[in-house]
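Engineer: Have a look at this one before I ask anything.
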Amino acid sequence: MTYRAPKGTDDILPPASYEWVTAERVFLDLAERYGYGLVLTPLLESTELFSRGIGEATEVVEKQMYTFTDKGGRSVTLRPEGTASVVRALIQAGGVVGTFKGFYWGPMFRYERPQKGRRRQFSQAGIEYLGEASFDADVEVIEFGYRYLEELGVRDVEVQLNSIGDGSDRSDYRAELTAFLESRKGELSEDALRRLYENPMRVLDSKADADVVAGAPTPVDHLSPAAAEHFDGVRAGLDAAGIPYRIAPTLVRGLDYYNRTVWEYVPLNFEAAQSSVGGGGRYDPLFEMVGGKPTPAVGLAMGLDRILLAKDESDLQPALDAFVVVADADRRVDAQALVRTLRRSGFRADSAAGERSVKAQFKAADRARAAKALVVGEEWNEGRVTARDLATGEQQPVAVEEIETWLTH
Ligand code: HAM
């Protein structure tokens, strides 16, 4: 009997996983530079948190949740996203005092039809800026995602931006949109027909109904003066920050907690079933939707699986700075001490375990993707090793006390 990873999930092994380590490192570094602190929440939450927070009429809640009853009879769900959990955690901790800036990283679960870039377990890295109503917060979060993609080397990314206004702006708009959709009823998909009366804005999000939606009245044309002013502020802030964007009037996003600003990052030359490598929005209603005090908030989540697919194929960098090769069996202990010293000095260093031929050790060095090999042989008695650049094959003697300097060029 052999076992395979469940459908729609992936094993990520070296060397591919080096890219994941980089994606994580760059994200953590950027989050800290922008003043966000790590938030760790459980991978499981009570089902109701998501059905209330994300919305009963959304694809995610209707079709994609991994929900089960635990041994205590509680309905729990593997998190399909991180925002509801962060908000729940802050409410549980007593609410947001002033502002709170948090980031997270980890696996999310959605029961989707698996495809390239659409997985049942996938990774998101997100930031949430809580307690701030100013459009400055929206601009910071949008810029953050853009810079992240830039630093990772994802080229030609378009920020698609929209404002969906506030719930209170929406009653007139909703009526207008419903009337429009009713007039095109015969052309709508089954899902759209069902959502038409529950939440007509969800129809704008439906890829299957794109032709009808193209002619529909859009939320951005129905903003209240306050929401319109907020959106002007977001756009002026993005212009000042040098972040290019395109207004996408039918972009509403697939989750119910949003109001006002919503956006997605779409790499222009990325062919995958789903093209957005990240998205976010303002979600002032969410705290109250899940039982908290009114708290303005804005955030984003980047989809790591898709980002790594969209990224330019980068040359694989060496995974080790040095591989120490034992050419004289009597020098094994010295060679091991050298590895230990290098590791303590911050170098990535390794050697083969057990007794192996020199040839086998060089093979192991290549397999480990080492940049350099340091051969410990007879010349150790004179305080030297033979150092070889594994990319060029060049070889030279290096004094033991010079090794660290030599490795750094
Ligand atoms: P979302 O648009 O549902 O937003 O997901 C964000 C990103 O996660 C997507 O742009 C995509 O790259 C990735 N993603 C989503 N589903 C999958 C999947 N099945 N396979 C691979 N990648 C996927 C949210 O989740 C919100 N919580 C974002 C947010 C944070 N809004 C405010 N704060």
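The values are calculated or read from the model by the stated rules, or taken from the named source; none is laboratory data. Nothing here was measured: the structure is a model prediction, and the numbers come from that model. Note that we place each Cβ from the backbone using ideal geometry, even for glycine, and neighbour counts take in every protein chain shown.
Engineer: Tally the residues that are surrounded by fewer than 21 Cβ atoms within 10 Å (Cβ to Cβ) and not in a strand (DSSP E or B), restricting the search to segment 100-118.
Structural biologist: Total satisfying the criteria: 6.
Engineer: Still on this structure, I have one more. Would you mind finding the one in T250, T178, T261, T218 that is within 16 Å of the ligand (Cβ to nearest atom) and over 21 Å from M302 (Cβ atoms)?
Structural biologist: So the residue among T250, T178, T261, T218 that is within 16 Å of the ligand (Cβ to nearest atom) and over 21 Å from M302 (Cβ atoms) is T250.
Engineer: Does segment 119-165 hold any residues that are at pLDDT below 95 and either within 10 Å of the ligand (Cβ to nearest atom) or in a strand (DSSP E or B) (or both), and which are they?
Structural biologist: Those that are at pLDDT below 95 and either within 10 Å of the ligand (Cβ to nearest atom) or in a strand (DSSP E or B) (or both): V157, E158.
Engineer: Find the strands (runs of 3 or more DSSP E) located wholly in segment 369-409 whose residues include 1 or more that are more than 18 Å from L320 (Cα to Cα) and more than 37 Å from the chain's Cα centre (by Cα), and list them.
Structural biologist: 384-389, 395-399
Engineer: Among the residues that make up segment 266-278, is at least one of them closer than 21 Å to L130 by Cβ, touching a strand residue (DSSP E or B) at 6+ places or on another chain (Cβ under 9 Å), at pLDDT 95 or above and buried (at least 17 other Cβ atoms within 10 Å of the Cβ)?
Structural biologist: Checked segment 266-278: at least one residue is closer than 21 Å to L130 by Cβ, touching a strand residue (DSSP E or B) at 6+ places or on another chain (Cβ under 9 Å), at pLDDT 95 or above and buried (at least 17 other Cβ atoms within 10 Å of the Cβ).
Engineer: Quick check on this structure: which one of A84, A31, A23 is within 12 Å of the ligand (Cβ to nearest atom) and either in a helix (DSSP H, G or I) or touching a Pro at 6+ places or on another chain (Cβ under 7 Å) (or both)?
Structural biologist: A84
Engineer: A further question on this structure: Under 30 Å from E24 (Cβ atoms), touching a Leu at 6+ places or on another chain (Cβ under 7 Å), modelled with pLDDT of 95 or more and part of a loop (DSSP other than H, G, I, E, B) - does that describe any residue in segment 296-304?
Structural biologist: No, because not a single residue in segment 296-304 is under 30 Å from E24 (Cβ atoms), touching a Leu at 6+ places or on another chain (Cβ under 7 Å), modelled with pLDDT of 95 or more and part of a loop (DSSP other than H, G, I, E, B).
Engineer: Please tell me if R195 is more than 16 Å from the ligand (Cβ to nearest atom), more than 19 Å from E158 (Cα to Cα) and basic (K, R).
Structural biologist: yes
Engineer: Pairs only if they're at least six apart or on different chains, beta carbon under 8 angstrom, first in segment 274-287 and closer than 15 Å to E264 by Cβ, second more than 9 Å from the ligand (Cβ to nearest atom) and acidic (D, E); list them, first residue then second.
Structural biologist: That search, which allows pairs on different chains as well, returns R282/D138.
Engineer: Got a sec? Which of V339, V325 is surrounded by fewer than 23 Cβ atoms within 10 Å (Cβ to Cβ) and more than 21 Å from S85 (Cα to Cα)?
Structural biologist: V339
Engineer: Among the residues of segment 305-331, count how many are under 17 Å from R384 (Cβ atoms) and touching a strand residue (DSSP E or B) at 6+ places or on another chain (Cβ under 8 Å).
Structural biologist: The total comes to 7.
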